[in-house]
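Chemist: What follows is a single structure, and I will ask about it in a moment.
The values are calculated or read from the model by the stated rules, or taken from the named source; none is laboratory data. The structure presented is a predicted model; accordingly, all values stated were derived computationally and were not measured. Positions of Cβ are backbone-derived with ideal geometry, glycine not excepted, and every protein chain shown enters the neighbour counts. With ligands, DNA and RNA removed, areas are computed over all heavy atoms of the protein, side chains included. Shrake-Rupley method; radii C 1.70, N 1.55, O 1.52, S 1.80 Å.
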Amino acid sequence: MTRTRNIRPRRPLLAGTTAVAAMAVTAGLVAATAEPAKAAAGPKLSLIAATTSITLTSWKEEPGVYLDLGTYLTAEGTPLELKVTRKSYKDPVTITQTVYEGGKAKAKVLPKGTAKDFSGLRDFAKITVTDKAGKKVLSRSEDFCPNNASGRVRPDAPATSKYPESCPTNPFTLGSVWGVEKGWAANTYAGSYTEPVTLAAGTYTAKVGVAKKYRDLFGIANKPATIKVTVQERSYEDEQSATGPASRSSASGEHAGHGAAHQAPTAHTGHGSGHAPTPAQAAAPVTSGAGPSYNVGHGPLKAAPPALPWALKKQQAARSMRVGDTGGQTDGSRKAPALQPLSKRPAGKPSVPDVPKPDLRSLPAYGIVVSDGEKDIPGKDYLAFSANVWNAGPAQLVVDGFRSPGKAKMDAYQYFYDAKGKQVGYTPTGTMEWDPRPGHMHWHFTDFASYRLLKANKKEAVRSGKEAFCLANTDAIDYTVKNANWHPFNTDLSTACGAENSISVREVLDVGSGDTYSQDLPGQSFDITDVPNGTYYIQVLANPEKRLKETSVDNNSALRKIVLGGKPGKRTVTVPAHDLVNEN
């Protein structure tokens with residue numbers, strides 16, 4: 001099994017001088033009907049430049065310059081808060097802005113087409129670059145995720161931001177919240193989601209402004225920032241010759257600070273290399289989105305891309321207002337209860353109390369590709385894909401495993417909590433098993449999900465052998481559901497997948513987040529060697545044995561249509577769009 005963190009779906013990270021990770025908060029806004037723009041006031045937004053001059057590096061080995069110019073969007077008076085949703089995959093993405101009237105939150109519907117997906121505001125920043133002679137050498141637009149790398153701009157601003165740390169990139173995201181806390185600033189640089197530009201060594205003048213449609217929409221003054229840019233050309237070879245091989249990681253960044261320090265901390269110990277992020281461009285390394293990246297003054301970091309099978313990656317490489325929880329929504333002010341794993345088995349009679357429970361839902365498979373099984377297995381064809389099961393809430397899924405001395409497996413129990421976070425019940429729910437294989441090295445909860453390749457008549461053709469999982473909040477699927485936790489990795493609700501000598505383990509899937517696994521390897525991906533060409537469906541099925549207690553089991557299955565073709569050894573797969581979601 002290869003498993004890659006996603007978040008979430010484009011995800012530059014939020015960061016600050018303070019430990020944003022310290023507060024666990026939840027998502028949403030007060031339910032309200034849309035109000036005319038004149039009836040309520042939004043934040044005062046301004047574009048500022050952190051510096052009037054900056055030096056960027058162009059590496060001979062990786063030509064191109066990343067335009068992290070240190071420009072930020074600031075919010076004063078009230079936060080900039082945008083709720084981004086779609087009713088279904090048949091509906092377009094819509095945005096409502098939270099504005100305030102008399103201290104009360106109101107929802108202002110923004111024009112249709114303001115956002116096409118959940119990655120941010122398209123073509124928000126306008127950048128022009130001129131040379132010393134005043135000749136324009138570059139003109140381009142940058143997308144903007146309001147959850148980008150951030151920091152406070154005044155000492156009396158809120159110490160932490162309640163908003164999520166990134167913008168989702170999972171193609172099947174349903175809801176997100178974007179925001180710039182009042183007294184904070186979010187970097188307008190698009191990070192790894194933009195392409196480098198070709199600029200010869202020398203000096204330039206860059207002007208960064210906000211596109212007119214966003215100035216009009218949010219009342220931003222037309223005051224572009226001007227930055228003197230010095231481009232210097234350097235070589236990895238020269239750096240290594242001067243300071244030795246150890247300097248390679250620090251030299252590989254576009255500018256100081258973009259080296260190893262930008263590698264995000266691993267969210268939960270023991271997930272192995274399958275969970276680890278992979279390096280991206282030197283200027284903006286890929287991160288997992290799993291934890292804080294104290295990154296003030298630099299551009300946003302890119303979160304790991306959607307968790308795709310290695311075979312697809314191989315193909316790609318080759319080519320401050322708070323209101324209470326009401327109306328089924330939260331505004332980010334609810335602090336999740338601190339749930340600590342227990343060291344002893346639960347005592348007393350098992351029971352399933354009448355309290356809120358998780359609601360596990362499956363997303364359609366994505367990142368679907370035919371592979372050769374990673375190790376070029378002669379005569380074999382495999383169908384690799386990524387699958388996600390998420391928790392629509394309103395309660396966390398909390399599963400503890402307890403090990404009897406000398407036993408190879410743990411007994412697993414699901415726990416239930418009241419609104420104050422007090423444990424009020426538990427029930428046996430299967431087992432956990434230790435997986436010693438490289439890339440795993442952690443405890444798997446059995447029977448969490450199953451994957452099946454169904455014929456056109458929906459009868460099973462092939463089943464994946466992968467049905468045991470270490471739960472992790474890899475993707476932000478819908479942060480607008482009740483009790484969604486916008487900072488799932490920043491609380492002690494984090495998944496702990498344990499070590500080989502663990503006596504007990506707690507695994508948690510938080511509200512609003514999902515867990516993506518890539519089905520890559522033989523035994524996990526579908527062996528289609530002897531499967532005839534034709535139409536099939538990939539089924540992702542959560543809680544297949546119904547051992548977990550949840551709000552509903554009627555939404556646990558998701559199907560993705562595919563068409564197999566080709567000849568043995570050269571099989572092909574065609575993946576039609578799923579309603580409005582088209583990955584091609």
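Chemist: Peptides 205-215, 414-424, 168-178: what's the order by average Cβ count within 10 Å, highest mean first?
Modeler: 168-178, 205-215, 414-424
Chemist: Pulled fully out, how much extra length does the chain show between residue 347 and residue 583, if you take 0.36 nm times their separation in residues and subtract their Cα-Cα distance?
Modeler: Length difference between fully extended and current span is 80.1 nm.
Chemist: Quick one: with all protein chains in place, what share of the accessible area of the stretch 62-181 is carbon or sulfur, to the nearest percent (1.4 Å probe)?
Modeler: Looking at the stretch 62-181 in its full context, I get 51 percent from C and S.
Chemist: Separate question: So which trypsin sites (Lys or Arg not before Pro) in the stretch 45-87 are both in a DSSP loop and have at most 15 other Cβ atoms within 10 Å of their Cβ?
Modeler: 60, 87
Chemist: Suppose R0 equals 41 Å. What FRET efficiency, 1/(1 + (r/R0)^6) with r the Cβ-Cβ distance, do residue 563 and residue 235 give to the nearest 0.05?
Modeler: It comes out at approximately 0.25.
Chemist: Would you work out if the stretch 77-117 is rounded, prolate or oblate? Take a ≥ b ≥ c from the square roots of the eigenvalues of the alpha-carbon gyration tensor; rounded if a/c is under 1.5, else prolate when a/b is larger than b/c, oblate otherwise.
Modeler: prolate
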